[in-house]
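A.B. asks: Below is one structure. I have some questions about it.
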Amino acid sequence: MRASARTSSPSSASMCRTPYNSGFIALVISLAASIAWADAMRDEYSVKVAYLYNFARFVNWPDEVFSGNNRFNLCILGENPFGARLQPLENRSIETKQISILSLDVEEAKRSRCHLLFVRDASLYTDFLEQLASEPVLTVTDRKGPTIIEMFTHEDRVKFRIDRERAKIASLLVSAQLMKLSTPE
């Protein structure tokens, strides 16, 4: 009886200690909780706000991007479809960086240090987004366009695709866990 208890305990304990498993589980739980919260509101853009927050949490920027800066700038270029739904993010942090929400036009965006840039209609800003391609800015849209992440609705669910090559060009490291949750291109 004792031998069988010893045999089953180490294998289940070692599976729980694997960093990959615990990191993946944390990501799934975090995304599920955020989506459940937003889904309770039954609003596509509330779900997308939860995604924006989690994209920022599971992408790594080069260290020099935050040198001397304790803010994480989440920028909205052009039309802001989120409205007041972004307000709760103002009180949150990405690691130790306080989130700032900035609504900008193209000229302001050129001067700002955006870390995550959401563009409602990327086709209107193609030239600007192409200029940003090699900058460490996580570009996100909910329509087709030259961005790193594209959110879309399929069968009444918000999903996303990640362009690995664009992320690499921008020197951004997308976590393997987030890549696994992405819809293939």
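A.B. asks: Could you tell me the center-to-center distance, by alpha carbons, between the stretch 128-178 and the stretch 80-101 in angstrom?
C.D. replies: 19
A.B. asks: For the peptides 89-101, 170-182, what is the packing order when you average, over each peptide's residues, the other Cβ atoms within 10 Å and list the highest mean first? It would help to have the intermediate numbers written out before the result.
C.D. replies: Details: 89-101: 14.2, 170-182: 15.8.
Answer by packing, highest mean first, reads 170-182, 89-101.
A.B. asks: For the stretch 63-185, what are Rg and Dmax over the alpha carbons, in angstrom?
C.D. replies: Taking only Cα atoms of the stretch 63-185, I get Rg and Dmax of 14.1, 44 Å.
No lab work stands behind these numbers, since they all come straight from the coordinates. As the structure is a computational prediction, the values presented were derived from the model and not from experiment. Here the Cβ is made from the backbone with ideal geometry for all residues, glycine too, and neighbour counts use every protein chain on show.
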